[in-house]
Structure formats: C-alpha cells, structure tokens
Amino acid sequence: MSCTPEDVFGVLSDGWTYVNWVVGAARVREVDDHFPAPGSKIHHSVGAWPLLISDNTEVEYVDAPHELRLRVRAWPTGEGRVTIKVQPTDEGCEVVMDEVAVSGPAGVVPQPLLDLVLHPRNIETLRRLAFLAERAAARP
C-alpha cells in the first residue's frame, strides 16, 4: 500500500469503518469504547437483508501498527481467526491477511477448499482497506 503502517492502523483501529473494508459485513451495530484493545469487540451483522447474521468480532491480539488478530464470529456458520500483519516498505507498507476457520461448520472444511472462497474475498477486502488508508494518508 502507498501509505504507512500507521495509516493502515488508523483504519483498523476505527471499528466503525469495518463495513467499509470487510467484504460481507453489512452493518456495525456497536463498537466497544476501548477498541482495538484485546478483548474489545465490534458488534456487526454479515450477509444481505433479509438474511443477516448478527454476531461480533473480538480482538485477540494487537501490536499496533504491525499486527492485529481478530476472532470473527458469524454463527451458525462458525468462527474464524483473521490475522493482519503490516510491515513498512520503501514505497509504503505491505499488508498480509490470513484467515482460518477455527470452529463450527466452517471448521471442518479443509483449509484449501476454504481458501478458494476466502482468497478472492480477502483480496477485495485488502483493496478496500488500501483505498481508505491511502486516502487518509493523502489528507493534509
């Protein structure tokens, strides 16, 4: 991305922007005041009306501006762990996102099969994150 890790974490640290960059997120209902501290949550809905699933995403670990690990819940489909790592480069930063199913029905699907669905979705998610972070970096 053509911005700093701090620019990326500026977006990641604002739970209200979740729906702007996470593909599949439909709305944010509430964000804990201490987000993104470990244990804090974004209360969201995923899907499309009228088939919305309301659940939450919880911060498991944060090392701003380099790493954010989230426990994503969307029951009855299950839970996943999303790790976002940000490293500075000469041109800005590199952002790597890893997502694995950890429980529920999605947890029994082999990871290579899940990757067929998750990889294209996560590429678009990172593209949206880049738009927001780079736009923030361009502001005076």
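Details
- Selected residue (only one of Val62, Val23, Val19 is in contact with a Pro (Cβ under 7 Å, 6 or more places away or on another chain) and either at negative phi or in a strand (DSSP E or B) (or both)): Val62
- Among residues of the range 66-84, those that are in contact (Cβ under 8 Å) with a residue 60 or more places away in the chain, open to solvent by 20 Å² or more (accessible area, probe 1.4 Å) and either under 15 Å from Gln111 (Cβ atoms) or touching a Leu at 6+ places or on another chain (Cβ under 9 Å) (or both), counted: 0
- Among the candidates Ala133, Ala101, Ala106, residue that is within 17 Å of the chain's Cα centre (by Cα), outside any strand (DSSP E or B) and surrounded by 15 or more Cβ atoms within 10 Å (Cβ to Cβ): Ala133
- One residue stands out in the range 109-130 among those that are modelled with pLDDT of 95 or more and aliphatic (A, V, I, L, M): the one that is surrounded by the most Cβ atoms within 10 Å (Cβ to Cβ), namely Leu129.
- Scanning the range 44-56 finds no residues that are closer than 27 Å to Glu134 by Cβ and of a type in the set (D, E, K, R).
The values are calculated or read from the model by the stated rules, or taken from the named source; none is laboratory data. None of the values given here were measured: they were computed from a predicted structure. Reconstructed Cβ throughout: ideal geometry from the backbone, glycine too, with neighbour counts over all protein chains shown. These accessible areas exclude ligands, DNA and RNA; they are computed on the full protein's heavy atoms, side chains included. Shrake-Rupley method; radii C 1.70, N 1.55, O 1.52, S 1.80 Å.
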